[in-house]
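Report on the structure given below.
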Amino acid sequence: MSDDSERVPEVAPRAVSRRGFLSRVVAPAAAAVVAAPTLSALAAAAAKSRKPAAPRSEAAAKPATQAAPDFSVCRTPAERAALERQWKQMIETVETLRKTPLPVGAAFATGALAPRRLRRGEA
Amino acid sequence: MALPQDTLFLSVRDLGVRLRRREFTSVELTELALARLDSLGKDLNAVATLTPERAREQARRADRELRQGTDRGPLHGVPYGAKDLLDTAGIRTTWGAKPYENRVPDSDATVVSRLEAAGAVLCAKLSMAELAGGLGYHVGNASLQGPMRNPWDRERWAGGSSSGSAAAVAAGLVPFAIGTETWGSILCPSNFCGVSGLRPTFGRVSRHGAMALSWTLDKLGPIARSLDDCRLVLDAIAGRDPLDADSADAKLSWRGSERGNLRGLRAALIPSDFGKNGDAETALAFEAALSALRESGLTIEEAKLPDLPFEATAVVTLQVEAVQAFEELFTGGGVRTLVDERAPIQAEVARAVAGTDYLRALRLRLEMQRAMNRFFEDYDLIVAPGFLKIAPGVTEDMDKYFLGADPVGGMGNLCGVPMAALPMGPGKAGMPVGFQLVAPAFDEALLLRIGMEYQRRTSWHRARPKA
């Protein structure tokens, strides 16, 4: 594969003067900005044309941390108490994960990750 | 002539040598194992199902082949037991749980097939915590086979979830057994029963034909008296299996593991607060283990794991996968037949985790694996105590007994790195206690090198419970 940096352009680029650049590129762009509708106008137009949203179910409307377990599965007060406790613990556990930063674009893992380098040399 | 009752306390390696010297036959060894499993094993609730027909047939074949000069390796003719979540053709495999008490698979798990190919003799399916603890348990009686008793004190728990596997080895019923671990299920019973456990890297051993509890955390591995014996077993069961998409290609190499001198190796010691919820006797035993390792030349320095939520990430991953794995028990009502009274609420608990949270856990996991790989550029391995206390009573509430966290276990299982459990002497009341080693992914050879050197210098792995 050839290195792009070594390729010679087939057509030499035309020299562009500063004035030419301003008149041909910057001025039309500036005019377009002035002619463009404002964001608030766009939002108003969108609101007019938008159909009313279907009502969301109660469960879907709540983020998981605000959702509640179905206590009807509990048959005894001890089960209910255990569910209350474990639910609270799990909510806290999930919150820990949500607060842990992740690099943008981070992939996921489902198995082991072999190291490239060990302290005592190459893996 | 009947063999001495303590014959099965010999190491796998030693048994193999004596079988080849014709000191005894595989049939004689197998009959001894079957008899001990039937009596002592049942007293301990360590046995789910005896497999005498299959065992006798395999033993006769082993004797015949060895006589004819066909040698399948160090396990040839040696009896063993398998955790009752490994499929065995025509033999019931209950997963330790009432809803599956009559489950009879029609083929063998890959591990069982590989051990058969290595000439090992399957004598029993061994008891386990119901569903390997997949829907939780907090008392040592949560098993179809009843309270999982410790051979060192039957009123204490054997550990779990590979309870019968560790108890059977500790009691001299079989010289090795196969266990599984999602989070602690090989290391915990190994430590509590005073035997050695080798929990390999995720993907090192095929899980085809094993009960799925957590597709991204489940691992299989050996439990034996010594780490050297674990190595022999791992040699036979490791390797890529096209029937398990997660099984790894990575070659299992033991190069360098025979070197005794540990000079030049640097271990990170993850501190534990024995004063908070531990036994003074366990702290002393751990100090003695560290001294033995230092005498071998190992440099041990206190260190901290990367500041990342390993345990929380493992908890979220496990909860969601386990509830999904056993969904049919919730929809069909079978969950109500389990021993653990909290199992029926676990699907509700899992609802606290959104799909995006689960994916976030898997994404964090990769970052954690990278962080640990950087950690292992500074340290060759990690040393940490197992449990800070001896095994709890068999009917004791573990939630009240164990109060501490498990950062090393959480990290090790989430990152899928190999770990070993080694006995380190008696703790309180003469009960066994142990410690753990953690190595980078696919570096089981390092665990073996450290563990074998430790076991050359100590004899805790040879200690036996009173009859």
Legend entry - Selection from segment B:391-431 of residues that are part of a helix (DSSP H, G or I), modelled with pLDDT of 95 or more and away from chain A (no Cβ under 14 Å): B:408, B:409, B:428, B:429, B:430
Inset, instruction - Scan (1) closer than 23 Å to residue B:219 by Cβ; (2) part of a loop (DSSP other than H, G, I, E, B) for the single condition residue B:71 breaks and write down its number. - result: (1)
Inset, instruction - Mind listing whichever residues of segment B:231-266 are within 14 Å of chain A (Cβ to nearest Cβ) and more than 23 Å from the chain's Cα centre (by Cα)? - result: B:255, B:256, B:259, B:261, B:262, B:263, B:264, B:265, B:266
Legend entry - residue B:235 more than 14 Å from residue B:179 (Cα to Cα) and not in a loop (DSSP other than H, G, I, E, B): yes
Legend entry - The lone exception for residue B:64 - which of (1) part of a loop (DSSP other than H, G, I, E, B); (2) surrounded by fewer than 16 Cβ atoms within 10 Å (Cβ to Cβ) it fails: (1)
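To keep it simple, each residue is scored yes or no on (1) under 28 Å from residue A:67 (Cβ atoms); (2) at pLDDT 90 or above; (3) facing chain B (nearest Cβ under 7 Å).
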{"residue": "A:87", "(1), (2), (3)": "yes, yes, yes"}
{"residue": "A:93", "(1), (2), (3)": "yes, yes, yes"}
{"residue": "A:97", "(1), (2), (3)": "yes, yes, yes"}
{"residue": "A:105", "(1), (2), (3)": "no, yes, no"}
{"residue": "A:108", "(1), (2), (3)": "yes, yes, yes"}
{"residue": "A:111", "(1), (2), (3)": "no, yes, yes"}
{"residue": "A:114", "(1), (2), (3)": "no, yes, yes"}
{"residue": "A:117", "(1), (2), (3)": "no, no, yes"}
{"residue": "A:121", "(1), (2), (3)": "no, no, no"}
Legend entry - The lone exception for residue B:388 - which of (1) part of a helix (DSSP H, G or I); (2) among the aliphatic types (A, V, I, L, M); (3) surrounded by 16 or more Cβ atoms within 10 Å (Cβ to Cβ) it fails: (1)
Legend entry - Candidate set: segment B:209-230, residues that are in a loop (DSSP other than H, G, I, E, B) and farther than 21 Å from residue B:251 by Cα; chosen: the one nearest to the other protein chains (Cβ to nearest Cβ): B:215
Inset, instruction - Filter segment B:251-272 for residues that are surrounded by fewer than 17 Cβ atoms within 10 Å (Cβ to Cβ), among the small types (Gly, Ala, Ser) and out of contact with any Lys or Arg (no Cβ under 7 Å at 6 or more places or on another chain) and give the result. - result: B:253, B:264
Inset, instruction - Give just the number: which of (1) closer than 26 Å to residue B:416 by Cβ; (2) more than 7 Å from every other protein chain (Cβ to nearest Cβ) does residue B:360 not satisfy? - result: (2)
Inset, instruction - Go through B:352, B:322 for me and flag whichever is more than 7 Å from chain A (Cβ to nearest Cβ) and surrounded by 18 or more Cβ atoms within 10 Å (Cβ to Cβ). - result: B:322
Legend entry - The lone exception for residue B:249 - which of (1) free of Cβ contacts under 8 Å to residues at least 60 places away in the same chain; (2) assigned to a helix (DSSP H, G or I); (3) under 30 Å from residue B:109 (Cβ atoms) it fails: (2)
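The values are calculated or read from the model by the stated rules, or taken from the named source; none is laboratory data. Predicted model, so just to flag it, every value in this text is computed and none were measured. Reconstructed Cβ throughout: ideal geometry from the backbone, glycine too, with neighbour counts over all protein chains shown.
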